[in-house]
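Each remark here refers to the structure printed beneath this line.
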Amino acid sequence: VRRAFRVISSPQFFMRIASRTDQATTEEEREKYSALASNLVSTLEAVISTTEDTLDERAQQVEKVVKAAAEPDSGEFLVPLLPERIAAMRKTLVGLEPSMLDEGFLSTLDAWMNKSHQDGMDLMVNILQKVLQMYAGLQIQRARDAEAVVEGDDDAAAAFDKLLQSDAEEWDAIIAKQVDATALLEEVQRTTETVVLQLEAGSMAQRVQAEYLQELMKRIEAARQQKRA
């Protein structure tokens, strides 16, 4: 029910059950359809209640990470964020239970970003984008460790790991120090194939991590073209 929520919760779905009930030839068959409809209503109510509780809990986790970006003394957000604050955000994110970094966490981040954008709060949008980047880097790193991705080049693998643990604004400097940009690009592509494509198709987790790696590959390719020039 949770996976097919949009379909099952639609009026058309229940109208189809009602139609099947009218077409039933026996009382037993009609009772089964009626029980099915009742069970689905109860299940939908439970799913909605659980989802609301989950989102409330995930909102608390997102808030923890965002608060780590504020200055400890004043509680204000300085632009650009100081390295210490970015490190504090990353530490807070890493400290969360892995199970908390699910679709609910991403949905909450997405909702907060949209609301901040609508309210003209560009600073908060920037901070939430950093949380999203940190999330992607952390999850990809964990997946690489768990899947034991075969590494083609030790230097490229080490550079990739460093990129995953760094702020996006540091990427260009890290990439520039990598002697073999082609090997680094292959390392990222290998991870995309072995990790990201194995995530649930259409999930926010897959989209966020894929976009993260695509941006990283664009940066590496730009650096490679510059070296060739």
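Here are some notes:
- Measure of compaction for the chain (Cα Rg per 2.2 N^0.38 Å): 1.33
- Beyond 28 Å in Cα-Cα separation lie the following of the pairs 67/218; 115/177; 91/227; 67/177; 115/162; 67/162: 67/218; 115/177; 91/227; 67/177; 115/162.
- Rolling a 1.4 Å probe over the heavy atoms of the protein chains gives the stretch 65-189 an accessible area of 51 Å² per residue.
- Spin-label zone in the stretch 89-126 - amide nitrogen under 14 Å from a point set 7 Å from the Cα of residue 64 along the C-beta vector: 89-102, 105
- Sparsely packed trypsin sites (Lys or Arg not before Pro) within the stretch 130-218, loop by DSSP, other Cβ within 10 Å at most 16: 177
- Working from label points 7 Å from Cα in the Cα-to-Cβ sense, the residue 38 to residue 179 distance is 7.4 nm.
- Based on the Stokes-Einstein relation at 10 °C and a viscosity of 1.306 mPa s, and on the Kirkwood radius from alpha carbon pairs, the stretch 77-186 is assigned a translational diffusion coefficient of 102 µm²/s.
- Per residue, the average separation of C-alpha pairs within less than 8 Å and at least 6 apart gives the chain a relative contact order of 15 percent.
- Accessible area of the chain belonging to carbon and sulfur atoms, whole % at 1.4 Å probe: 52 percent
- Rounded Å value of the spacing that divides the Cα centres of the stretch 200-229 and the stretch 94-132: 20 Å
- Max-minus-min Cα coordinates of the stretch 75-142 on each principal axis give 33, 27, 19 Å, with the largest extent listed first.
The values are calculated or read from the model by the stated rules, or taken from the named source; none is laboratory data. Just so you know, these numbers come straight off a predicted model, no measurement behind them. Note that each Cβ is placed from the backbone with ideal geometry, even for glycine, and that neighbours are counted across all protein chains shown. Heads up: the accessible areas ignore ligands, DNA and RNA and are worked out on the full protein's heavy atoms, side chains in. Shrake-Rupley method; radii C 1.70, N 1.55, O 1.52, S 1.80 Å.
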